[in-house]
């Protein structure tokens with residue numbers, strides 16, 4: 001039996017699930033790697049300017065992928081992927097911590113200060129991100145399945161937006177509150193921000209994420225339709 005599995009060609013369903021999982025993991029890891037670089041988003045006619053983490057570009061993709069997998073493969077596979085992403089995040093943190101504490105070569109092309117600036121891990125942010133990720137992704141999968149049962153498999157736009165928009169609010173709020181208020185207050189490592197500042201950060205980040213969630217609605221329709229057509233060829 002084991003030899004048959006080793007030599008068996010993966011079917012379309014397995015291939016597609018692996019590819020989607022790859023995009024999910026890549027987006028999750030990228031979110032943490034590029035999070036330290038901020039950019040300015042300006043809306044001239046509204047006279048609004050926000051400083052946003054670059055991680056906000058990749059992170060919404062994880063919710064899009066879990067919604068696609070929930071729709072095509074079901075809740076259990078989506079939940080498994082969320083847990084896998086959590087384990088990968090822990091593994092990534094461990095490797096970064098090990099590499100950061102190794103003695104640097106004197107001729108290293110990247111000096112220690114530059115490396116630590118980019119990859120240095122703030123414990124509060126890491127802790128907050130982990131809790132926020134696991135909570136928000138789990139809520140996203142459960143809400144998606146709830147809306148799917150309630151609508152009897154119809155109104156994909158409602159499942160996609162209803163689950164993602166709420167879970168993104170949970171994610172954004174938890175990261176900011178844990179990393180910038182709770183962790184500094186209990187450890188004394190830095191000065192916690194005020195609740196007023198926290199609300200401003202949460203609102204700015206969340207509005208951007210909510211807009212992205214609305215914009216990706218056509219993408220989930222296209223992706224689910226094309227994947228279902230592709231998978232049908234396996235049983236044709």
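Quick note: the coordinates plus some simple rules give every number you see, no bench work behind them. Being a predicted model, the structure only gives us computed values, none of them experimental.
Computed quantities for the displayed model
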{"read-out": "Contour excess over end-to-end distance, with Cα ends at residue 41 and residue 102 and 0.36 nm allotted per residue", "value": "18.2 nm"}
{"read-out": "Between region 57-85 and region 151-228, the alpha-carbon center distance in angstrom", "value": "15 Å"}
{"read-out": "Helix 12-33 axis, angle to the chain major axis (alpha carbon atoms, nearest 10°)", "value": "10 degrees"}
{"read-out": "On Cα atoms only, tilt of 217-235 relative to the major axis of the chain in degrees", "value": "40 degrees"}
{"read-out": "The chain, relative contact order in percent, only Cα pairs under 8 angstrom and at least six apart counted", "value": "21 percent"}
{"read-out": "Segment residue 26-residue 186, length gained on full extension (0.36 nm per residue, minus Cα span)", "value": "54.3 nm"}
{"read-out": "Largest to smallest principal axis extent of the C-alpha atoms in the chain, angstrom", "value": "60, 50, 34"}
{"read-out": "Within the chain, helix-based [θ] at 222 nm, where runs of 4 or more DSSP H residues each add -39,500 (n - 2.57), nearest 500", "value": "-25000 deg cm²/dmol"}
